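The values are calculated or read from the model by the stated rules, or taken from the named source; none is laboratory data. Small disclaimer: the values here were computed from a predicted structure and weren't measured. Neighbour counts run over all protein chains shown; Cβ positions are idealised from the backbone, glycine included.
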Amino acid sequence: MATEFIPFNRPYATGKELGYIAEAHGHLHLSGDGRFSKRCHQWIEQRTGCAKALLTHSCTSALDMAALLLDITSGDEIIMPSYTFVSTANAFVLRGAVPVFVDIREDTLNLDERLIEAAITPRTRAIAPVHYAGVSCDMDAIVAIAKRHHLAVIEDAAQGVMAGYKGRALGAIGDLGSFSFHETKNIISGEGGALLVNDPALVSRAEIIREKGTDRDRFFRGEVDKYTWQDVGSSFLPSDINAAFLWAQFEEAERITRERVAIWQRYHIMLESLEHRGRLRRPVVPADCQHNGHIYYVILPPDIDRQAVLRELKSHAIQSVFHYVPLHSSPAGQRFGRAHGELSLTTSLSERLIRLPMWLGLAEAQQQRVCDVLGAILGK
Ligand SMILES: *Cc1c(COP(=O)(O)O)cnc(C)c1O
């Protein structure tokens, strides 16, 4: 009997996506900022408390907008973790800025707030914390440091949709925040994202930058009688077809998150004894953080060959994957960025991490098989 394959990810659909896309077509408005886009904007604003939410093509383009909006320029420095996706750095490198990589915390794998202040120079403009696995950074500490040094805070909350910190929504705590709705995330639209503008003073310029540098939004609201070129900008708005898909997911966002957290919790219980026997380390969620079950990862002991573990899992029809190659050790990271200190935790933790299959509909029996096979590989 062939063993059933357990993929790492399976994009979830609620079943309403295609109907809403047909509805968008029926409205005869397929370009950006139609009815579904407006509903999505309101939903994000109501849920997170941000001053203005703007859908974008991706989290990458939301970060690109953030860099434009803050007038990041040549030689500016942005403090961020090295353990992140390339987009956190690229957005600023595109403007000529230098990513300054700071080490991560052992427990959450998030930017270590205790190391930030020593990395600040007269050229530092902003801090870009990344909420890895939907578990918040220590935002009170980061915001306090930013205030003290007059820096902006741009949250990369790509993985943080529906997650919180002390009851506040991730993405809505810094000056700006960004979400991703890529198919590998919790709430999806294929490719998609949003910029969360939390500083009201940045709202009107954000709308202009997103509309190719024009004041088209003001024109549509009847605030001006024609629209013209006002500022730099590009086309950052997705079509209402994408927004229609996304709306179906927003309607179910509570349930999707609840079910993912339940799957996460099942892994956590199943793997407790392996942790007690020192065979792996489970994720840590500080008491202040309300996570969203985005990733279930484990950290392998230093003496274990990670590639061999992934190969063994694969031979048992289980797809498990590693995650980021630290940016400071990548060719572009070395060319454009600067490492602050040794980044030894970034290096060692990133080399020992694997992510287990995680998707809506993953059954308890499948999770048990993943944990049994992992236990057999790591030696019980
Ligand atoms: C997924 C991800 C991104 C990029 O999101 P896109 O929507 O694919 O552009 C950026 N940062 C982090 C931390 C991510 O996980």
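Points worth noting:
- Residue in segment 212-235 that is within 16 Å of the ligand (Cβ to nearest atom), surrounded by fewer than 23 Cβ atoms within 10 Å (Cβ to Cβ) and within 23 Å of the chain's Cα centre (by Cα) present: yes
- Filter result (crowded, with 20+ Cβ neighbours inside 10 Å, hydrophobic (A, V, I, L, M, F, W, C) and under 20 Å from the mean Cα position of the chain (by Cα)) within segment 317-353: L327, L349, L353
- Considering segment 182-203, and only residues there that are part of a loop (DSSP other than H, G, I, E, B) and under 14 Å from the mean Cα position of the chain (by Cα), the residue that is surrounded by the most Cβ atoms within 10 Å (Cβ to Cβ) turns out to be G192.
- Here A126, A206 are screened, and the one residue that is more than 16 Å from the ligand (Cβ to nearest atom), at pLDDT 95 or above, aliphatic (A, V, I, L, M) and surrounded by 23 or more Cβ atoms within 10 Å (Cβ to Cβ) is A206.
- Among the numbered conditions (1) within 15 Å of the ligand (Cβ to nearest atom); (2) in contact with a Cys (Cβ under 7 Å, 6 or more places away or on another chain), the only one that L109 does not meet is (2).
- Candidates in segment 39-78 are the residues that are more than 17 Å from the chain's Cα centre (by Cα) and among the aliphatic types (A, V, I, L, M); of these, the one that is nearest to T124 (Cα to Cα) is I78.
- For D240, the conditions (1) surrounded by fewer than 18 Cβ atoms within 10 Å (Cβ to Cβ); (2) touching a His at 6+ places or on another chain (Cβ under 6 Å) are fulfilled apart from (1).
- Looking across segment 163-187, the residues that are more than 12 Å from the ligand (Cβ to nearest atom), small (G, A, S), touching a helix residue (DSSP H, G or I) at 6+ places or on another chain (Cβ under 8 Å) and closer than 29 Å to E17 by Cβ come down to A163, A169, A172.
- Matching helices (runs of 4 or more DSSP H) fully within segment 1-84 where at least 2 residues are more than 30 Å from Q334 (Cα to Cα): 17-26, 35-48
- Of the residues R39, R10, R35, R47, the single one that is surrounded by fewer than 22 Cβ atoms within 10 Å (Cβ to Cβ) and closer than 29 Å to M80 by Cβ is R47.
- Annotation: A287 fulfils all but one of (1) part of a loop (DSSP other than H, G, I, E, B); (2) in contact with a His (Cβ under 9 Å, 6 or more places away or on another chain); the unmet one is (2).
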